[in-house]
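Everything below concerns the one structure shown next.
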């Protein structure tokens, strides 16, 4: 890892993405979660481009597409199993040309699991699945040598756990 201007700029965008992601674990509304995830995807897409992390960049394009589709059909039953299958097929298609070894697939596994967590309607599932998703992203950030990605994704694990606990407490009062 060389400390170049490009690398420093990439890490600024990484911080922006993690700031928006951290907020999502405290939201009650899936639509707001999707909007914040969309904004975060734009930030991380720029970072992955600057880091030449092309499988991660491909997953970012999938995430942007996924969030737009899930936002459009958020209230309808159109967010069906078909939409999930289509997104998974897109994940496979964009992974093939960007494949850079097994470790590049960590971003693919994280995106697939995160997609499922957003597809279903229960925020508690989103929050609990945030933990293994974050672990996958930590290892991907180690692979691409994104220092802030490693540190901040490790923090996101804490936010996911706290958000999950708050959700459990909120549900126990109902």
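The values are calculated or read from the model by the stated rules, or taken from the named source; none is laboratory data. All values reported here derive from a predicted model rather than from experimental measurement. All Cβ positions, glycine included, derive from the backbone under ideal geometry; neighbour counts span all protein chains shown.
When the residues of the range 117-130 are filtered to those that are in contact with a helix residue (DSSP H, G or I) (Cβ under 7 Å, 6 or more places away or on another chain) and surrounded by fewer than 17 Cβ atoms within 10 Å (Cβ to Cβ), which remaining residue is farthest from residue 58 (Cα to Cα)? Working first, answer last.
Taking the range 117-130 first, the residues in contact with a helix residue (DSSP H, G or I) (Cβ under 7 Å, 6 or more places away or on another chain) are 117-119, 121, 123-130.
Imposing the further condition that a residue be surrounded by fewer than 17 Cβ atoms within 10 Å (Cβ to Cβ) reduces the set to 121, 124-125.
Details: 121: 25, 124: 27, 125: 25 Å.
Filtering the range 117-130 for residues that are in contact with a helix residue (DSSP H, G or I) (Cβ under 7 Å, 6 or more places away or on another chain) and surrounded by fewer than 17 Cβ atoms within 10 Å (Cβ to Cβ), the one farthest from residue 58 (Cα to Cα) comes out as 124.
Within the range 146-172, residues that are at negative phi and surrounded by 18 or more Cβ atoms within 10 Å (Cβ to Cβ) sit with their Cβ atoms under 7 Å from residues that are modelled with pLDDT of 90 or more and not in a helix (DSSP H, G or I), at 6+ positions apart or across chains, in these pairs: 146/51. Kindly evaluate residue 89 against the criterion of being more than 15 Å from the chain's Cα centre (by Cα), more than 30 Å from residue 8 (Cα to Cα), surrounded by fewer than 17 Cβ atoms within 10 Å (Cβ to Cβ) and at pLDDT 90 or above. Here the answer is yes, as residue 89 does meet what is asked.
Evaluating residue 59 against the criteria (1) surrounded by 18 or more Cβ atoms within 10 Å (Cβ to Cβ); (2) more than 22 Å from residue 106 (Cα to Cα) leaves one unmet condition, (2).
What helices (runs of 4 or more DSSP H), lying completely within the range 93-174, carry at least 1 residues that are within 18 Å of residue 33 (Cα to Cα) and over 15 Å from the mean Cα position of the chain (by Cα)? Hits in the range 93-174: 123-144, 147-173.
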